[in-house]
Amino acid sequence: MKMLFLLCKQKTKTLKNQLMSKVLTKQVQNKVSRYFLRLENHLTKPESRCVREMSTGILKSGTVLVNKIATGICDTVSLSQTTKRFRNHYNKKGLFKKLFRGHMNSVKGRVQHGDYILFDGSDIQKRYAKMMEGLDYVKDGDKASFGPGYWLMDVVHFSKNHEMTPLLNKLYSFDHGAKSENKEIMEAIEEVDSIIDKDVTKIFDRGMDRPICKDFIIAGEGNFILRLKKTTKLIYNDTETPVNKISRKVPLFMKLVATKAGKNKKHTVAFKCGAVKVKYKIEGKGHELWLVVTKRENGGYCWLLTRSPKETIIDIIKEAFTAYGFRWKIEEYHRHIKSCYNLEDIQVKTFEGLQSMLAILTIAMNIIYSSLASLHIRLLLQSGIKTMNREKLVELRNFIYYKISTIIKTLLANMTPRAFLPRPKIPQDHGQLCLELNYEL
């Protein structure tokens, strides 16, 4: 009787999970359809169909290889014809710009005043590629070695609730038209500013602390947070002084704690913080800014130059400390797309095709990170797909997108991209006929 009871209980649980999976699959389908309904306003119908199929194919197959994407969409035509149709679209000149602008216009409603947009550089390593167009000699950020590959410029939006929205993931090569990294950074800033018209704070790492790039960022009207190198000079007490010497005179009166989540447990790191007003001159014009200094206990200094809408020094320190902490998430985002979607295995010969494929991958990642954000907790707890190892609350607060990718890949396994077609709008008359009848008596 006990075994019969356990079998019935297990069967009931299985049926419940299957039913919940169907409900969640339908909700995922609706969320994805709403996004493509907004995106298709910026594309032609054939382009919209191609992007929809390739994006959902990436989510289903977990790869950026075109053959596997074409296999994952389960089309009725042959595999060679499907890949040829994809190739004809993603090799179109300028398609990647059209995709990024359409994507940013589709998601700009999620950007609110006071949010953050982070700019960061990365790389793609292609050590064994020889026929790919525009291969450059790039530095591997993980191994600190050099090899053939491409440079990347990533732009990610962070809301006040710490939700991520990938905006731009541009590939460039000095062997194929790129003039300098500074120019690529400035073009990315201008591209975002032309579409995102909200009062946001831009965040830059110390790799962008160069005279040309720094002058461009400071001369702009928006708010920003820029991490500085220790030799960067600012005007303090009417004297141009390196920031490492300025920091010795800044009282570190405030203590803040950062929490880092490891594999097994969380640990905290304490920082002492302070801030002081400084100036920076560009072509004789002085710009009043704040220098936020943080020092890790038993560690080194970090210098953050900021223009902030906050009024008090305490609010300025807190905002700079919290906002710059988002940077670890974009590093995890790089790792996510490289490990879960095998970005560095990409095989596209033309440089235009590579950029378009990267834009389509960004659209697929937006579905994971942003479009399905309201379903993340339900997907983790109710999908019936085991991704939580210890069943603890901390697993819901960490970087959950690896788990979400696994769940979405399983839920979409039996679905085709045609299931994500937007539903046509029903006219107000509900299809009723209105006939005018003339009678002659």
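What to note about this one:
- Selection of first residues in region 328-349 that are on the phi > 0 side of the Ramachandran plot and of second residues that are among the β-branched types (Val, Ile, Thr), restricted to Cβ pairs under 6 Å at least 6 apart or on distinct chains, gives the following pairs, ordered by first then second residue: 342/63.
- Criterion (modelled with pLDDT of 90 or more, in a strand (DSSP E or B), under 30 Å from residue 298 (Cα atoms) and hydrophobic (A, V, I, L, M, F, W, C)) met by exactly one of 275, 258: 275
- Residue 32 being open to solvent by less than 20 Å² (accessible area, probe 1.4 Å), within 19 Å of residue 366 (Cβ to Cβ) and part of a loop (DSSP other than H, G, I, E, B): no
Let's see how each residue does on (1) among the basic types (Lys, Arg); (2) buried (at least 19 other Cβ atoms within 10 Å of the Cβ):
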residue: 96; (1), (2): no, yes
residue: 105; (1), (2): no, no
residue: 110; (1), (2): yes, no
residue: 139; (1), (2): yes, no
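- The residue that is farthest from residue 208 (Cα to Cα), counting only those in region 307-324 that are of a type in the set (S, T, N, Q) and either out of contact with any helix residue (DSSP H, G or I) (no Cβ under 7 Å at 6 or more places or on another chain) or at pLDDT 95 or above (or both), is 312.
- Sub-9 Å Cβ pairs linking a first residue in region 61-81 that is under 17 Å from residue 354 (Cβ atoms) to a second residue that is open to solvent by 60 Å² or more (accessible area, probe 1.4 Å) and of a type in the set (D, E, K, R), at least 6 apart or interchain, are 63/345; 64/345; 65/345; 66/87, ordered by first then second residue.
- Of the strands (runs of 3 or more DSSP E) that lie entirely inside region 187-253, those containing 3 or more residues that are under 15 Å from residue 281 (Cβ atoms) and either open to solvent by 20 Å² or more (accessible area, probe 1.4 Å) or not basic (Lys, Arg) (or both) span 233-236, 239-242.
- Hey, residue 163 surrounded by fewer than 19 Cβ atoms within 10 Å (Cβ to Cβ) and touching a helix residue (DSSP H, G or I) at 6+ places or on another chain (Cβ under 8 Å) or not: yes
- Criterion violated by residue 134 - all others in (1) under 30 Å from residue 75 (Cβ atoms); (2) small (Gly, Ala, Ser); (3) assigned to a loop (DSSP other than H, G, I, E, B) satisfied: (1)
- Residues satisfying the stated conditions in region 307-328, i.e. among the charged types (D, E, K, R), buried (at least 19 other Cβ atoms within 10 Å of the Cβ) and assigned to a helix (DSSP H, G or I): 319
- Residues that are polar (S, T, N, Q) and open to solvent by less than 30 Å² (accessible area, probe 1.4 Å) within region 289-306 comprise 294, 306, listed in sequence order.
- Which numbered condition residue 179 fails, given (1) surrounded by fewer than 18 Cβ atoms within 10 Å (Cβ to Cβ); (2) not in a loop (DSSP other than H, G, I, E, B): (2)
- Scanning region 141-158 for residues that are open to solvent by 10 Å² or more (accessible area, probe 1.4 Å), assigned to a strand (DSSP E or B) and over 20 Å from residue 187 (Cβ atoms) returns 145, 146, 148.
- The listed residue being within 19 Å of residue 158 (Cβ to Cβ) and either modelled with pLDDT of 85 or more or basic (Lys, Arg) (or both), out of 410, 362, 406: 362
- Restricting region 338-395 to residues that are among the acidic types (Asp, Glu) and either within 20 Å of the chain's Cα centre (by Cα) or within 16 Å of residue 26 (Cα to Cα) (or both) leaves a set whose member that is most open to solvent (accessible area, probe 1.4 Å) is 345.
- Test for residue 202: is it of a type in the set (Lys, Arg) and over 24 Å from the mean Cα position of the chain (by Cα): no
The values are calculated or read from the model by the stated rules, or taken from the named source; none is laboratory data. No experiment lies behind these values; they were computed from the predicted model shown. FYI the Cβ positions are ideal-geometry reconstructions off the backbone, even for glycines, and counts take in every protein chain you see. Protein only, heavy atoms only, side chains kept; ligands, DNA and RNA dropped before computing areas. Shrake-Rupley method; radii C 1.70, N 1.55, O 1.52, S 1.80 Å.
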